[in-house]
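Contents: one structure, followed by commentary.
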């Protein structure tokens, strides 16, 4: 069946118009202009932290504006390409227009999803922690598979990552790992991954070849910004140092450079051992602790609102995705019902369709609850 290009392009233009409206380009341009003035100030780099904040914010907003405006040009170019193909009755050019239509539709969908990320912390970078849960060595192996999945996803998008801490399990896999993804809207995008992930497979660690179910938990936090004012009195934090270790418990550092921070009032514990020095590990651990305290404050505020509304907004993140490798091959999101039949691709970082469906699902839930 031939593609109805006029109808398809009209639908793209309608979606694009709504994206422009929601994005409020005039406000975006005004903020970029203000940041450009600050960036041009001769004394900007007298305060390095502030300068980095200004330049980082400017880069993020400029990229966002360029992405939106280039999409409009791309739809215009697609229309010209279709007119050229149909005017000359050129099958090759028409096939090229089909491919470009599919590509534009996909990227426009991604751009539309970005406009749904309007939460207070959604534009932030993300701190992700993965923990093995029930399932013994299979769970530890599964946790490591998820770690690789998210790192591969970031690599596919060209996002920088930094692993702060990895706690290796005795036999295989990891007990836990914490890492940062340095990209605009990483928190808003990945926050829908929070919850319990379940793996069903024939265990490679069971000599009887039995099917095993194992679980791993994913926690996603926004990276703390300069404006958050997370005050942590020195007396509230207990600092312990110990020797960093690698897989199998072998020492990878002959000094006591690993750091464990315990926030006494809340009992929150964070560790960092992947940096080269104790000072660097302490600074990284403090950033993670600040992020956890920021999230706790947000959850406390949300609990108060839920109590006022008389609702239990509860545990939507729990049991959020199943990865089945036996007796059939499927990955299914238990909230959105989005599923694919290629777990290998998912474990290799192809999780964008799950992220997009999760973000749309969350926005629908917010509208219903709100």
Fewest first, what order do 128, 223 take by the number of other Cβ atoms within 10 Å? 223, 128
By DSSP, what percent of the beta bridges with both residues in the chain are antiparallel, rounded to the nearest 5? 90
Rough spin-label spacing in nm, given labels placed 7 Å along Cα→Cβ, for residue 66 and residue 18: 2.8
If each part is reduced to its alpha-carbon centroid, region 153-180 and region 111-126 end up apart, in Å, by 23
Counting only the backbone N, which residues of region 173-212 are under 19 Å from the spot 7 Å out from the Cα of residue 225 toward its beta-carbon? 180-192
Could you tell me which of rounded, prolate or oblate describes region 5-115, using a ≥ b ≥ c as the square roots of the eigenvalues of the alpha-carbon gyration tensor, with rounded for a/c under 1.5 and, failing that, prolate when a/b is larger than b/c and oblate otherwise? prolate
Take the Cβ-Cβ distance between residue 283 and residue 33 as r, set R0 to 35 Å, and report the resulting FRET efficiency rounded to the nearest 0.05. 0.55
Using only the Cα atoms, work out Rg/Rh for region 122-370, with Rh taken as the Kirkwood radius, to two decimals. 0.97
List 330, 320 from most exposed to least, where exposure is judged by having the fewest other Cβ atoms within 10 Å. 330, 320
So, relative contact order of region 122-370 in percent, Cα under 8 Å, 6 or more apart, is 21
Tell me, how many Å apart are the Cα centres for region 254-285 and for region 54-108? 47
Please order 130, 75 by the number of other Cβ within 10 Å, starting at the fewest. 75, 130
Tell me, what is the percent relative contact order of region 5-115, built from C-alpha pairs under 8 Å that lie six or more residues apart? 35
Angle in degrees between helix 136-157 and the longest Cα principal axis of the chain, rounded to the nearest 10: 40
As an exercise, use a Förster radius of 30 Å and the Cβ-Cβ distance of residue 120 and residue 48 to find the FRET efficiency, rounded to the nearest 0.05. 0.70
Quote to one decimal, in nm, the extra length available between residue 301 and residue 366 on full extension: 0.36 nm per residue of separation minus the C-alpha distance between them. 21.8 nm
Mean separation of Cα contacts under 8 Å (6+ apart) over length of region 17-77, as relative contact order %: 37
Against the 2.2 N^0.38 Å scaling, with N counting residues, where does region 92-190 land? I'd like the Cα-based Rg ratio to two decimal places. 1.43
Would you calculate a helix-derived [θ] at 222 nm for the chain, using -39,500 (n - 2.57) for each DSSP H run of n ≥ 4 and dividing by the full residue count, to the nearest 500? -17000 deg cm²/dmol
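Since every read-out is calculated from the coordinates, none of them should be taken as a lab result. These numbers were taken from a predicted model, which means no experiment stands behind them. Positions of Cβ are backbone-derived with ideal geometry, glycine not excepted, and every protein chain shown enters the neighbour counts.
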